[in-house]
Amino acid sequence: MSVTVRVPAKVNVQLGVGGLRGDGFHDLANVFFAVALGDEVTATPAAPGTGTTLTCTGPDAGQVPLDDSNLAARAARLLAAHHGIEPDVHLHIAKDIPVAGGMAGGSADGAAALVACDALWALGTPQETLLALAAELGSDVPFALLGGVALGRGRGEILEALPVTGTFHWVFAVADGGLSTPAVFHECDRLREEAGTGSTDTDVPTPDADPALLAALADGDPAALAAALTNDLQSAALSLRPALAATLAAGTEAGAIGALVSGSGPTCAFLAKDAEAAEAVAAALTASGTCRTARATHGPVPGAAVRTG
């Protein structure tokens, strides 16, 4: 017997970043949006005493760590420890979310492993407990459990589901190589200091969700959402990877109605007016030479869930 869980990637349609806190984190107003591009994690029983093992396939599989740093493995061990059982399980990750691309692929795998192992071990863990365990693993992991669209506060782990109407069409331009999330936050702080605004939580106001963006989501209005897309980390990502500016320009020239760096980058996200426009933008981006590949997809979609059939 094995259990396979499908889990979505995310794009941050708003990423408001507060000042640096004393604990080294930043308060966020992080509007997560789950898209159909996703990974699958399959949990299979392992012999007693073997612990948790990992394999991975997919376009970026060679970049996925298969040691104790992998969030899927950490999730299995954390869930087992919570219930006082041994974490004897083999996890296989079918990777389709770009690695280190600002789309929370590692966090998604952690969420999928929680759901897969909970089902495999017939634990029946309440959703609130899974969300608390997910928050221990990382700031983006709880949203991968929830899916849909949600506002993340604190470090992004305190979630509030948001109303959304209809389907939005996206294109993701995948860059070569990754960007370190801590490095991008550090660069954001440095740029703020350089600009003279200060970078601590006493200098930078606590961010909040943009009412215009929330209204665009609730109304299902792609043009209004495109106008409201923001990412406070974008300047830092462009500072560390200036070539992303050419990617953003290429997608906009190809007809995207909105464009931004996804999370901490280096993947760039483009909002299109409809599915046909998204395919055209993806084709133009792929041909532009400004990215490794481009993928059209849609959302919102549900969070991590056991695949049936």
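The values are calculated or read from the model by the stated rules, or taken from the named source; none is laboratory data. Just so it is clear, the structure is predicted and the values come from calculations on it, not from any experiment. Because the Cβ atoms are built from the backbone with ideal geometry, glycine has one as well, and the counts that use them run over all protein chains shown.
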Among (1) surrounded by fewer than 15 Cβ atoms within 10 Å (Cβ to Cβ); (2) at negative phi; (3) within 18 Å of the chain's Cα centre (by Cα); (4) not hydrophobic (A, V, I, L, M, F, W, C), the one test that residue 153 misses: (1)
From the residues in segment 1-53 that are part of a strand (DSSP E or B) and acidic (Asp, Glu), which one is surrounded by the most Cβ atoms within 10 Å (Cβ to Cβ)? 39
Which one of the conditions (1) surrounded by fewer than 19 Cβ atoms within 10 Å (Cβ to Cβ); (2) outside the structural domain of residue 83 (by TED's automatic domain parsing) does residue 173 fail to meet, given that it meets all the rest? (1)
Hits in segment 55-94 - residues which are under 15 Å from residue 114 (Cα atoms), buried (at least 18 other Cβ atoms within 10 Å of the Cβ) and among the hydrophobic types (A, V, I, L, M, F, W, C): 71, 72, 73, 75, 76, 78, 79, 80, 89, 91, 93
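Do the conditions hold for residue 189, that is, is it in contact (Cβ under 8 Å) with a residue 40 or more places away in the chain, surrounded by fewer than 18 Cβ atoms within 10 Å (Cβ to Cβ), within 30 Å of residue 243 (Cα to Cα) and more than 15 Å from the chain's Cα centre (by Cα)?
no
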With the requirement that a residue be buried (at least 16 other Cβ atoms within 10 Å of the Cβ) and touching a Ser or Thr at 6+ places or on another chain (Cβ under 8 Å), what does segment 237-253 give you? 237, 247, 250
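Does segment 17-35 contain at least one residue that is of a type in the set (Val, Ile, Thr) and within 20 Å of residue 146 (Cα to Cα)?
The answer is yes, given that some residue of segment 17-35 is of a type in the set (Val, Ile, Thr) and within 20 Å of residue 146 (Cα to Cα).
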Residue 152 fails exactly one of (1) farther than 20 Å from residue 265 by Cα; (2) among the small types (Gly, Ala, Ser); (3) assigned by TED's automatic domain parsing to the domain that holds residue 62, namely (1)
Filtered residues of segment 216-266 (kept if of a type in the set (Val, Ile, Thr) and closer than 21 Å to residue 279 by Cβ): 247, 252, 257
